[in-house]
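Accompanying notes for the structure given below.
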Amino acid sequence: MGTARRTAIVTGGASGIGRAVVLRLAKDGMDVGLLDVDVAGAGWVAAEAAAAGRRAVAVEGDVAAAASVATAVERVRGQLGPVHVLVNAAGIASFVPFQEMTEEVWDRMIAVHLKGAYNCTRAVLPDMVAARWGRIVNLASVAGLNGGGPGLSHYAAAKSGIIGLTKTLGMELGPHGITVNAIAPGLIDTPLLDRSGMPPEARRTVVDRTPVGRIGQPDDIAAACAFLVSEEASFVTGQVVSPNGGTWT
C-alpha cells in the first residue's frame, strides 16, 4: 500500500512547519487530520488540503493533555479511518534566561514538546501495530543538538528529549513495521519564530553565518518529512535529519 492511501495526523498543523507538512502530504495523496489548539486556523489549512483533492479534518486538541489527544484522535479516526502516519510538529518557543525561568515556563515547554510527542504516539500506535506499517516523524531542533544558545535551556532540553525518544522508539517499534525519525531544523521563518522573542540581531547573525545564505522555509522541512513518511524510507529509522543550511554538521 502506497502512502497515497494512508491517513496522517499532523499536530500543530494550523501554521508554520505544521501547515507546510499538511499541504505537502495532501499533495502527495494522503488524507490528513490536523490537531491544534488553534482549531480555526487548522480549519483554514484543512480547506487548503481539501482543495488538493484529499480528505482533511481539523480537530481541536492540546498535545500536552492525554485526554484531549485521545478525543481528537478518535474524531480523526471516525472521519478518516485508522492513522498510519504521525507528524509531531506542535510546539512553542520563548527566550528566557535560566535564572529567570519559572517552573511553570519550564514545565509547559517540556509538556508541549516531549510529553506531547509521547501522548500523540501512544494514541495512534495501535493503528500502526495493527497495520504492521507506520511512520512517526518528530520535530526536534538543531537546538537539541547544540544547545541552541542563551535563553533556550528549556527548549533545548525538550528537543534533546525528543531526539532520545526517537532513537529508542526506532529500535522498539521497528519489528512492528514502524519507523520513527526526527527532523532537527535550523532557523526557520515561521510565525512561531516571530512570537519567540528572538532578538532581530540574533536572527541576522544566524543568517549571516549560514553557508547557504538564507533562513529556512517551512517547505524545506516538509520536503524532508515527505521522504521520511514514504515507502522509500523504510530502511531509515531512529535517525535525526537536520535541514539547517549548513550551520550545524
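The values are calculated or read from the model by the stated rules, or taken from the named source; none is laboratory data. Keep in mind that what you see is a predicted model, and the values were worked out from it rather than measured. Cβ atoms come from the backbone with ideal geometry, glycine included; neighbour counts cover every protein chain shown.
Close Cβ contacts (under 6 Å, 6 or more residues apart or on different chains) running from residues in segment 203-227 that are free of Cβ contacts under 8 Å to residues at least 60 places away in the same chain and over 25 Å from residue 138 (Cβ atoms) to residues that are of a type outside the set (Gly, Ala, Ser) and crowded, with 18+ Cβ neighbours inside 10 Å comprise 207/215. Scanning segment 26-58 for residues that are more than 16 Å from the chain's Cα centre (by Cα) and acidic (Asp, Glu) gives 28, 31, 48.
Any residue in segment 14-25 that is over 17 Å from the mean Cα position of the chain (by Cα) and assigned to a loop (DSSP other than H, G, I, E, B)?
Within segment 14-25, the first condition is being over 17 Å from the mean Cα position of the chain (by Cα), and the residues that meet it are none.
No, the conditions are met nowhere in segment 14-25.
Would you check which residues across segment 112-130 are touching a helix residue (DSSP H, G or I) at 6+ places or on another chain (Cβ under 9 Å) and under 22 Å from residue 231 (Cβ atoms) and list them?
To start, the set of residues in segment 112-130 that are touching a helix residue (DSSP H, G or I) at 6+ places or on another chain (Cβ under 9 Å) comprises 112-125, 127-129.
Within segment 112-130, 121, 124, 125, 127, 128, 129 meet the criteria.
Scan segment 101-117 and give yes if some residue there is farther than 30 Å from residue 200 by Cβ and either outside any helix (DSSP H, G or I) or within 19 Å of the chain's Cα centre (by Cα) (or both), otherwise no. Yes, segment 101-117 has at least one match.
Of the residues 20, 40, 46, which is out of contact with any His (no Cβ under 6 Å at 6 or more places or on another chain) and surrounded by fewer than 24 Cβ atoms within 10 Å (Cβ to Cβ)? Show your work before the answer.
Working: 20 fails: surrounded by fewer than 24 Cβ atoms within 10 Å (Cβ to Cβ); 46 fails: surrounded by fewer than 24 Cβ atoms within 10 Å (Cβ to Cβ).
Result: 40 is the single residue among 20, 40, 46 that is out of contact with any His (no Cβ under 6 Å at 6 or more places or on another chain) and surrounded by fewer than 24 Cβ atoms within 10 Å (Cβ to Cβ).
Scanning segment 90-106 for residues that are within 18 Å of residue 150 (Cα to Cα) and among the acidic types (Asp, Glu) gives 100, 103. Within segment 191-243, restricting attention to residues that are modelled with pLDDT under 95 and within 16 Å of the chain's Cα centre (by Cα), the residue that is surrounded by the most Cβ atoms within 10 Å (Cβ to Cβ) is 216.
Among the candidates 237, 249, which residue alone is without any contact (Cβ under 8 Å) to a residue 60 or more places away in the chain and either outside any helix (DSSP H, G or I) or at positive phi (or both)?
On the way: 237 fails: without any contact (Cβ under 8 Å) to a residue 60 or more places away in the chain.
Matching residue, one of 237, 249: 249.
Residue 41 passes every criterion in (1) out of contact with any strand residue (DSSP E or B) (no Cβ under 7 Å at 6 or more places or on another chain); (2) closer than 27 Å to residue 132 by Cα apart from (2). Looking only at segment 49-82, residues that are crowded, with 24+ Cβ neighbours inside 10 Å, in a loop (DSSP other than H, G, I, E, B) and touching a Gly at 6+ places or on another chain (Cβ under 7 Å) come to 1 in all. Here residue 73 clears all of (1) touching a strand residue (DSSP E or B) at 6+ places or on another chain (Cβ under 8 Å); (2) free of Cβ contacts under 8 Å to residues at least 24 places away in the same chain except the condition numbered (2).
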